[in-house]
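First comes the structure, then the notes that go with it.
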Amino acid sequence: MTGHEEDLLPENNSGYKLSQPKQSLAEYQKMDENDESLQRYKASLGLSGGNDLSDPNDPRVCIIQSLTMDSPGRSPVVIDLSAPGSVDSLKKTPFKIKEGATFTMSAQFKVQHEILSGLHYVQVIKRKGIRIPGGKSDEMIGSYAPNTDKQPLYTKKFQEETAPSGMLVRGEYQVSSSFVDDDKKTHLQFDWAFEIAKDW
């Protein structure tokens, strides 16, 4: 594993622990229906009924659809990750962030075939090839059951951030991002770019 790949792994799962040992989807479904704590645990994973939407022709467990940036006073900026070739074009088309602006990122994704356990979003920000101070972040997304017609997609909103401000921070930044679960399986890894500017 290269240093770059290690950078995109979660930091010791950020203290996250499963409250139950990981099991197959069939085992979760057969858990004792009379046990109230198990019922609550199954509900927290989304195992509350509905028709499974898993595509038998698509082996992926977690499919990241998009990342969205919301900031007051402007329309949401959506990074579409589902269209063919969309990940390849991200580096070439940086999106703009106004210096000092507050913004919130959110991820939209779907899960299929099995329980997705301890999904993280990890990103590393660099400028001119050098990682900036505090440039690695690790956001716990959580554990999820396969999507059903009752819940066809999941959306996770991340913590609010504030862009730095001042002439020295303006310019283009390169970002490497990954969605990794607690088994260190990478579900999506991609590079993109943003620019901090005086205005939108």
Taking a point 7 angstrom from the Cα of GLU160 along the C-beta vector, which residues in segment 75-110 have backbone N less than 11 Å away?
102-104
Keeping every protein chain present and rolling a 1.4 Å probe, give me the accessible area per residue for segment 96-200 in Å².
48 Å²
Listed here are the pairs LYS157/LYS185; LYS98/LYS185; LYS126/LYS150; LYS98/LYS150; LYS98/LYS184; LYS92/LYS150; which of them are more than 31 Å apart at the Cα?
LYS98/LYS185; LYS126/LYS150; LYS98/LYS150; LYS98/LYS184; LYS92/LYS150
In whole Hz, the Karplus estimates of ³J(HN,Hα) for segment 119-130 (6.51, -1.76, 1.60; θ = phi - 60°; x where Gly or Pro) are 6, 10, 10, 10, 9, 10, 9, 10, 10, 6, x, 10
Between ARG74 and ASN57, what is the spin-label point distance in nm, taking each point 7 Å from the Cα along the Cα→C-beta axis?
3.9 nm
May I ask you to rank HIS113, HIS187 by accessible area, largest first, using a 1.4 Å probe over the protein chains only?
HIS113, HIS187
Here the equivalent ellipsoid of segment 63-200, derived from its Cα gyration tensor, has semi-axes (largest first, whole Å) of 27, 16, 14
Hey, can you grab everything whose amide H is under 5 Å from the amide H of PHE158? Only 5+ residues off in sequence or another chain; H modelled, so Pro and N-termini drop out.
MET105, SER106, ALA107
State the percentage of accessible surface on segment 45-164 attributable to carbon and sulfur atoms; use a 1.4 Å probe and exclude ligands, DNA and RNA.
49 percent
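The values are calculated or read from the model by the stated rules, or taken from the named source; none is laboratory data. In this text, all values refer to a predicted model and were calculated from it rather than measured experimentally. Quick reminder, even Gly has a Cβ in these numbers, built from the backbone with ideal geometry, and neighbours come from all protein chains shown. The protein model used for the area step is the full one, side chains on, heavy atoms only, and it has no ligands, DNA or RNA in it. Shrake-Rupley method; radii C 1.70, N 1.55, O 1.52, S 1.80 Å.
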